[in-house]
1. Multiply the residue separation of residue 169 and residue 426 by 0.36 nm, subtract the distance between their alpha-carbon atoms, and state the gained length in nm to one decimal.
2. In terms of the Cα gyration tensor, with a ≥ b ≥ c the square roots of its eigenvalues, is the chain rounded because a/c is under 1.5, prolate because a/b exceeds b/c, or oblate?
3. How large is the convex hull of the C-alpha atoms of the stretch 98-190 per residue, in Å³?
4. Within the chain, what percent of beta bridges assigned by DSSP are antiparallel, to the nearest 5?
5. With the contact rule set at Cα under 8 Å and sequence spacing of 6 or more, what percent relative contact order holds for the chain?
6. Rg to Rh ratio, the stretch 205-244, alpha-carbon atoms and Kirkwood radius?
7. Quick check: the angle from helix 16-26's long axis to the longest principal axis of the chain, C-alpha only, nearest 10 degrees?
8. Against the longest alpha carbon principal axis of the chain, how many degrees, from 0 to 90 and to the nearest 10, is the axis of helix 36-48 turned?
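Since every read-out is calculated from the coordinates, none of them should be taken as a lab result. Keep in mind that this is a model prediction, so the values were computed, not measured. Here Cβ is always computed from backbone atoms with ideal geometry, including for glycine, and neighbour counts include all displayed protein chains.
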């Protein structure tokens with residue numbers, strides 16, 4: 001019995017469902033921890049596909065449901081992400097909130113549903129062992145940091161990333177292997193095997209003294225000057241970063257003063273500090289803090305520095321990847337497939353990959369300058385949704401057939417970088433506030 005052929009027939013028979021859901025989500029994008037209507041659409045899709053035990057409201061909007069073979073074995077997670085991000089002018093911008101799916105998360109939900117349509121078959125489930133759990137997770141995009149930080153302070157969440165919060169709440173406690181497929185506008189069919197930076201986020205508030213900018217600037221303390229000195233100092237650090245650490249520091253000024261006629265007495269900055277390893281992020285973070293304090297010291301201003309745990313670096317599990325790659329090679333021309341290198345971007349899938357064996361491949365079928373750009377759209381839903389889901393479904397069949405022999409070997413061989421307790425301790429240690437008075 002060819003289980004993959006049965007899977008493909010199921011996907012083809014139900015291909016309209018993942019596409020319809022993806023397009024519905026596309027037209028009403030919502031940002032992280034606000035994906036109320038998006039989550040409702042996913043729940044209805046799970047119900048339409050026969051799922052009865054659906055957990056919702058995890059980390060505010062997260063959802064999970066499980067396909068159980070009834071036989072003991074590993075639990076494999078298939079993940080899709082719910083949120084959009086602010087992209088003004090995007091052709092599918094939600095006019096109510098300015099959000100858009102310029103990273104293709106709506107297609108991720110579609111590919112996750114494609115896996116469910118493919119594997120929801122008694123003939124398949126009778127011949128594999130274990131479970132497949134489908135996750136729709138909130139808040140992958142690390143945006144609206146100030147609003148999320150207020151959510152954190154109020155106790156509604158502890159961590160700004162959705163997968164982090166779901167890990168803390170125990171949603172992944174019974175998961176042994178994880179996978180998801182991300183869209184990309186690169187001219188490829190699939191890419192695989194790359195690594196990503198991790199990050200911490202920072203909120204910086206410089207406080208000075210207001211005075212008349214024309215008549216008596218000497219009576220004030222210019223918080224904008226303090227901020228500009230700090231940013232210049234950060235730029236001067238760039239040659240101290242090792243190339244292999246892939247450090248990225250990219251601050252923006254979110255408030256530059258109140259009126260042009262007054263010396264700015266409050267200036268706010270947001271920035272990420274990204275790096276390829278935790279140690280490199282910690283080193284860069286210390287240097288940035290010194291630069292911020294230097295801006296305050298030079299002008300006599302005060303600075304409040306809030307550092308918030310971001311994401312851990314992403315690492316694909318190569319034993320798991322070999323099984324996935326074989327399925328790609330069986331279905332696509334090798335010239336259409338790319339082995340990825342390192343990316344300076346970040347994802348909370350990195351956190352998952354530090355705890356359990358994980359893969360995070362990319363699928364084409366999109367156009368635009370890059371992910372997050374105003375022109376990034378999905379053009380080929382057959383590739384971005386159906387084929388990406390089919391490749392994950394085929395990989396799961398390989399992992400769970402023959403008493404889940406292959407997945408058990410991967411799990412046994414894998415050494416996590418952190419257990420859950422140590423992981424949460426690390427995130428909490430990265431979050432702090434410091435005030436520096438010059």
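1. Numbers: separation 257, 0.36 × 257 = 92.52 nm, distance 1.61 nm.
Contour length minus Cα-Cα distance gives 90.9 nm.
2. Details: a/c = 2.23, a/b = 1.96, b/c = 1.14.
Prolate shape, in that a/c is at least 1.5 and a/b is the bigger ratio.
3. Values: hull volume 12.3 nm³, N = 93.
That works out to 132 Å³ per residue.
4. Values: 48 of 67 bridges.
Just about 70 percent of them are antiparallel.
5. Details: 1038 pairs, mean separation 94.9, N = 438.
The value is 22 percent.
6. Numbers: Rg = 15.1 Å, Rh = 12.0 Å.
Radius of gyration over Kirkwood radius for the stretch 205-244 works out to 1.25.
7. Computed tilt is about 10 degrees.
8. 10
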